[in-house]
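Report on the structure given below.
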Amino acid sequence: MKQIALVRGITLALALGVAGQALAEDTPVRINQAFQSLLYLPLYVAQEQGFFKQQGVAVKISTGGGGAQSWAAVIGGSADFSIQDPVFVPKSHENGGGGVVVAGVQNGPTVFIFGKDATPLQNNLKFLSGKRVVTSPQPDTTWAFMSYLIKQQQLKDVKLVHVAIGNETPAVMADRADYALAVEPQTSVAEKQNGLHVVYSFSANQDWFPFAFSSLTTTQDYISKNPKAAQGVVTAFEQASRFIYKNVDRSVEIASKYFPNVPKDIVRSAVQREIEAKGYPENVLISKKAWDNNMNISLYAKNIKAYPSDATSYENNVNTALATKAKEVVDAEK
């Protein structure tokens, strides 16, 4: 009887050990995204392809409704990570708070200019002189991009027409403006459903690329308390970003699942344009140049007080260790 009891005890201990290991490999993680956006496709691919699961984390995705709300969810403790413009981290530092940027989600300034005139503007920006261009209101992204481009290229007599996000194409179609700035899928909708022409890509301007456009952010406290989960999340993003470039058809299927009301040909066009613009990171490590480009625009838009500074520096805001390790792990899987 003692021998049977001993065997049962060993069996129970092994079972509990396996269960405990399974639980440890399935750590709950909460990620809050600013919006449901094609810019965040690596998040959806990591979820649908099981990369989070493979890395031992069970991710729950929620939506904040804006960058400020998503970052506030992390600071307030209702989310472990957020995805939005990374500028909220240095802004937090400037105000005495914390935060850290751990991975790129959108590594290019994937904003495009489209209009009725098909004349390419990529190497001909002077053509914009005297034209009307739709942007969102100050200090939103497209306003900041266009205003900074006008200053950078010394363009003359360009009139900005401000409309709410989503109303860019109607403004051009109604002849309220000659051109408009937008991201995807609005750009592909304008092209495929309204017959407008995409004539300029900010990502194709080498002065602007790379650009820390959307990033995965958290706190150092979370990383310190949950090192394996933090590494697992970043590694899953590395896997997902590489997957998109190698498996376009499957990535389009996943994108269509998250955007069921957008025609699949529009989704495909949008994803393909993002890939061509190298919007999705080929490696989730945010470079110093990508950080510099974001901070320069953020300073221009007065979203931060100073750059460079201790509060806004690359070294004090970007955790490179997790993304570096993620690259090593995924490289080893080849």
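Could you tell me the center-to-center distance, by alpha carbons, between segment 276-314 and segment 126-141 in angstrom?
Each part reduced to its Cα centre gives a spacing of 22 Å.
I'd like the FRET efficiency for Ala164 and Lys278, computed as 1/(1 + (r/R0)^6) with the beta carbon distance as r and R0 of 35 Å, rounded to 0.05.
0.75
Suppose only helical runs count, i.e. DSSP H with n ≥ 4. What mean residue ellipticity at 222 nm does that imply for the chain under -39500 (n - 2.57) per run, divided by all residues and rounded to the nearest 500 deg cm²/dmol?
Working: 15 runs with 159 residues, N = 334.
That calculation yields -14000 deg cm²/dmol at 222 nm.
Quick one: Debye curve from the alpha-carbon atoms of the chain only, equal weights, vacuum; give me log10 I(q)/I(0) at q = 0.14, 0.15 Å⁻¹ to two decimals.
-1.10, -1.24
Kindly write out, for segment 28-41 in residue order, the coupling ³J(HN,Hα) from the Karplus curve 6.51 cos²θ - 1.76 cosθ + 1.60 (θ = phi - 60°), rounded to whole Hz, with x marking Gly and Pro.
Result, rounded to whole Hz: x, 9, 10, 10, 9, 9, 4, 9, 7, 9, 5, 5, 9, 3.
Run through the DSSP bridge list for the chain and note the antiparallel percent, rounded to the nearest 5.
Working: 16 of 33 bridges.
About 50 percent, rounded to the nearest 5.
Could you give the size of the charge dipole of segment 112-204 about its Cα centre, using +1 on the Cβ of each K and R and -1 on the Cβ of each D and E, expressed in debye and rounded to the nearest 20?
That gives segment 112-204 a dipole magnitude of about 280 debye.
Segment 30-108 to segment 146-207: how many Å between their Cα centroids?
Spelled out, the Cα-based centre of one part sits 27 Å from the other.
Just the number, please: percent antiparallel of the DSSP beta bridges in segment 112-204, rounded to the nearest 5.
Values: 8 of 14 bridges.
Approximately 55 percent, going by the DSSP bridge assignments.
Using bins 10 angstrom wide from zero, how does P(r) for segment 112-204 break down, in % of all Cα pairs?
18, 58, 23, 0
A short reminder: the numbers here are calculations on the coordinates, not readings from a lab. Since this is a predicted model, take the numbers as computed values, not measurements. With ideal geometry, Cβ positions are generated from the backbone for all residues, glycine too; neighbour counts draw on all protein chains shown.
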